[in-house]
Amino acid sequence: MSLPVGFWRAFGPGLMWAAAAIGVSHLVQSTRAGALAGFGLAGVILFALILKYPFFEYGPRYAAATGRSLVEGYRRIGRWALWLYFVMTLVTAVIHQVALLLLLAFLIQFTLGASAPPVWVIGGSVYVACALLLTAGRFRGLDLVIKAVVVVLAVSTLVAAAIAVPRADLSTLSLSPLAMRALPLGFILALVGFMPAPVDMSVMSSLWTLAKDRTVGQRSSVETVVLDFRIGYAGTAFFAFAFLMLGAVVMHGSGETFSEAGPAFSTQLIELYTTMLGDWTRPVVLVAVLTTVFSSALVVIDGFPRVLDRCLPNIRGEEEPGRDRSPGRGYWVMLVAFGVLNLLGLSLFTQNLTPMIDFATIFSFATAPVLGYLNLRAVTSDDVPQDARPGRAMLALSYLGLALLGGLTVLYLVSRIT
């Protein structure tokens with residue numbers, strides 16, 4: 001199959017989305033799933049990857065078809081939709097960033113040993129470094145860095161997975177999502193909530209699509225943009241199962257459980273991998289883990305200010321920004337504001353890494369049907385040309401996803417009340 005004309009010029013936003021996705025959901029949640037149930041939750045992960053796919057694809061599809069981001073799509077649905085997205089994003093933005101920075105800081109601290117500075121210093125330094133990189137390179141620099149980091153991440157994870165394969169016990173394998181019945185519902189929802197990413201990241205994807213077009217000076221076709229996204233999505237699926245396997249091989253049946261405290265969790269993550277796979281694999285494991293978290297942190301640090309900056313003029317009722325609009329002053333104000341909030345979070349939540357992640361992921365699961373519905377409304381609106389809208393199969397999958405994700409959310413809320 002030949003690639004669409006101009007594919008390589010437009011290639012990148014899909015990898016950027018994948019880099020943002022392959023972080024908490026994969027390194028933490030997939031690994032914990034493997035540790036808890038071996039390969040028993042493979043079907044749950046597959047279930048999440050399939051059912052949530054349309055809602056993620058609708059972001060770049062809408063941007064390529066209309067020249068606008070999903071922020072404008074929400075505004076055209078109604079001001080209530082935009083406000084709903086804005087509030088949801090504010091709730092998750094700081095938690096998501098702090099969780100990534102905490103995990104990265106603990107891993108760096110573990111790598112440096114006794115000479116390492118405090119966690120808040122490391123996490124703050126990483127945030128400043130990312131902010132400076134974004135300031136100096138803007139989107140073009142981010143695009144180039146992520147492509148390089150994803151290559152390192154792919155190679156190191158492939159090596160680690162190849163080492164683990166001979167030790168894998170597939171007797172626990174289940175491709176049925178019904179395997180989740182024997183496990184805590186809260187953990188299942190936390191796993192699905194961030195697998196492969198929270199649905200609100202579809203808005204970031206639409207903005208990165210527009211930014212890429214602005215960088216190359218040419219509008220990409222819907223076919224090209226969708227293919228770019230699918231390549232990134234396939235990558236997130238591969239890494240999800242790779243980290244599931246690593247967790248299953250390293251921890252399942254060992255009698256060990258992951259600590260909720262960040263320092264202990266990070267130590268367990270590295271030590272158990274190297275103990276099981278061999279001490280010589282420590283550099284491979286460290287590179288795989290560090291690049292996973294760093295790439296996710298870098299892209300998320302750019303993504304949240306970018307979407308909130310896009311929201312502000314729409315909320316104020318100003319004229320809709322077009323495809324050529326670069327991030328405005330609000331982006332840089334948000335970048336600084338998030339830095340201050342992240343520093344505060346790094347100081348307060350040092351010992352609460354996994355509970356904080358579980359809260360963010362369950363919240364993302366509960367909001368997934370709402371944002372999925374808004375994305376579906378946007379991509380089937382009159383703004384999108386008929387030939388650029390999703391086909392019948394994709395629409396059927398969308399409705400099935402909304403029904404099942406919504407039903408599970410109601411089930412969880414009822415279980416919490418009763």
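The values are calculated or read from the model by the stated rules, or taken from the named source; none is laboratory data. Owing to the predicted nature of the structure, the values given are computational and were not obtained by experimental measurement. So basically every Cβ, Gly included, is an ideal-geometry build from the backbone, and we count neighbours across all protein chains shown.
Things to note:
- Within the range 374-399, the set of residues being over 15 Å from V199 (Cα atoms) and either in contact with a His (Cβ under 6 Å, 6 or more places away or on another chain) or small (G, A, S) (or both) comprises S381, A388, G391, A393, A396.
- Residues (surrounded by fewer than 17 Cβ atoms within 10 Å (Cβ to Cβ), β-branched (V, I, T) and either farther than 26 Å from V293 by Cα or in contact with a helix residue (DSSP H, G or I) (Cβ under 6 Å, 6 or more places away or on another chain) (or both)) located in the range 78-97: none
- Residues within the range 383-398 that are surrounded by fewer than 12 Cβ atoms within 10 Å (Cβ to Cβ) and in a helix (DSSP H, G or I), tallied: 4
- Test for R32: is it closer than 28 Å to Q386 by Cα and either in a helix (DSSP H, G or I) or aliphatic (A, V, I, L, M) (or both): no
- D169 satisfies every condition listed in (1) of a type in the set (D, E); (2) within 23 Å of M251 (Cβ to Cβ); (3) at pLDDT 85 or above except (3).
- Counted residues, the range 60-114 - those being at pLDDT below 90 and among the aromatic types (F, W, Y): 2
- Residues of the range 55-80 satisfying the condition of being among the acidic types (D, E) and farther than 18 Å from E318 by Cβ: E57
- Selected residue (only one of V155, V119, V151 is closer than 23 Å to L343 by Cβ and among the β-branched types (V, I, T)): V119
- Residue within the range 30-46 that is among the hydroxyl-bearing types (S, T, Y), within 17 Å of the chain's Cα centre (by Cα), under 22 Å from I357 (Cβ atoms) and surrounded by 19 or more Cβ atoms within 10 Å (Cβ to Cβ) present: yes
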